[in-house]
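The values are calculated or read from the model by the stated rules, or taken from the named source; none is laboratory data. As the structure is a prediction and not an experimental result, all values here were calculated from the model. Cβ sites come from the backbone with ideal geometry, for glycine too, and all protein chains shown count toward neighbours. Each accessible area value is taken on the protein alone, full model and side chains, heavy atoms only, with ligands, DNA and RNA left out. Shrake-Rupley method; radii C 1.70, N 1.55, O 1.52, S 1.80 Å.
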Amino acid sequence: MSAVLDEARSAVAAASRRLAAEGLLIGTSGNVSVRVEGHVAATATGADLSRVTPAEVTVVDLTGRVVAGDLEPTSEIDLHLGVYARHDALAVVHTHAPAATALSCVLDELPCIHYQQLMLGGTVRVAPYATFGTPALAASVVEALTGRSAALMANHGSVTTGASLDKAVENALLLEWLCTVYRSASALGEPRVLDDEQQAAVVTAAIERKYGTTRTLGDDPAEKQESR
Ligand SMILES: [Zn+2]
């Protein structure tokens, strides 16, 4: 097997351990995958995600046929493959994280309550409930992710995607934070929601200020102007 796929198995194992340490993956609940070279490396079903090893990450092709690893891949492999078939994502994280799962039992969508939610595409849809591991669940989640990098799964949990494994992990942490904030705010009253105009202004400001990246002092044309 190629060194790239070996590396992918190690990266998926490390990402799973990190998400378990953060409290997002609990026991054997949840799964992580990355797409590389026409293959998908995904955590094995039944693996303890807090101490998963590269050997507990199974590599399948895009039709789900196992090409490396001795263990059966996650029972949600169809969900992962469905996301890769339909969306641009290169990594998928599925969790039963507490705040996301709590909101998935109550909401039809998570409204945009904070500007950081725009990193996930804004309002987060809640995919209708279906039994775990079924094509019906995979289809509803794939649909809910249209134009988004996060979705909640009714009475089940959450899914995030990313252009890299790190980004999908970061999005999972962001989604759980947003769900925690929404839950806390809801206990105090009806949370205010950012309207379309406010959301558009955030996108404009983020582009102008290259939000989320570090910048060397003096890189900003406005600052150069001032220093003249
Ligand atoms: Zn699940």
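Using a cutoff of 8 angstrom between alpha carbon atoms and counting only pairs six or more residues apart, the relative contact order for the chain works out to 17 percent. For region 193-207, the Karplus equation 6.51 cos²θ - 1.76 cosθ + 1.60, evaluated at θ = phi - 60°, returns couplings of 10, 5, 7, 4, 5, 5, 5, 5, 5, 5, 4, 4, 5, 5, 5 Hz by residue, with Gly and Pro reported as x. Beta bridges from DSSP with both residues in region 93-227: antiparallel share about 80 percent, rounded to the nearest 5. Taking the Cβ of Leu25 as the center, what net charge do the other residues with Cβ under 10 Å away carry, scoring Lys and Arg +1 and Asp and Glu -1? Charge balance near Leu25 sits at 0. The helix-based estimate of mean residue ellipticity at 222 nm for the chain, built from -39,500 (n - 2.57) per DSSP H run of four or more residues and divided by its residue count, is -12500 deg cm²/dmol to the nearest 500. Ranked by the mean number of other Cβ atoms within 10 Å per residue, highest first, peptides 88-101, 159-172, 61-74 order as 88-101, 159-172, 61-74. Values of log10 I(q)/I(0) for the chain across q = 0.08, 0.10, 0.13 Å⁻¹ run -0.31, -0.48, -0.75, by the Debye formula with one identical scatterer at each alpha carbon and no solvent. 3J(HN,Hα) along region 70-87: 9, 10, 5, x, 2, 5, 9, 4, 5, 5, 4, 5, x, 5, 5, 5, 9, 10 Hz, from the Karplus curve 6.51 cos²θ - 1.76 cosθ + 1.60 with θ = phi - 60°, whole Hz, x for Gly and Pro.
Projected label points at Ser186 and Arg209, each 7 Å from Cα along the beta carbon direction, are separated by 2.9 nanometres. Counting protein heavy atoms only, the chain has 53 percent of its accessible area on carbon and sulfur, 1.4 angstrom probe.
A simple count of charges around His87, restricted to other residues whose Cβ falls under 14 Å of its Cβ and scoring Lys, Arg +1 and Asp, Glu -1, yields +3.
Normalised per residue, the accessible area of the chain is 51 Å², obtained with a 1.4 Å probe and no contribution from ligands, DNA or RNA. You can think of it this way: the chain between Leu217 and Arg51 has 55.6 nm of extra reach, that is 0.36 nm per residue less the Cα-Cα gap. Across region 108-115, coupling constants 3J(HN,Hα) worked out from phi with the 6.51/-1.76/1.60 Karplus curve, θ = phi - 60°, read 9, 6, 9, x, 7, 9, 8, 4 Hz, and Gly and Pro carry x. For the chain, the longest principal axis of the alpha carbon atoms and the long axis of helix 165-188 meet at an angle near 60°. Helix 135-144: angle to the longest alpha-carbon principal axis of the chain, degrees 0 to 90, nearest 10? Helix 135-144 sits roughly 10 degrees off the main axis of the chain.
Using a 1.4 Å probe and counting only protein heavy atoms, arrange Tyr84, Tyr115 so the residue with the most accessible area comes first.
Ranked from most to least accessible, the order is Tyr115, Tyr84.
Take every DSSP beta bridge with both residues inside region 39-153 and express the antiparallel ones as a percent of the total, to the nearest 5.
Expressed as a percentage, antiparallel bridges in region 39-153 total about 85.
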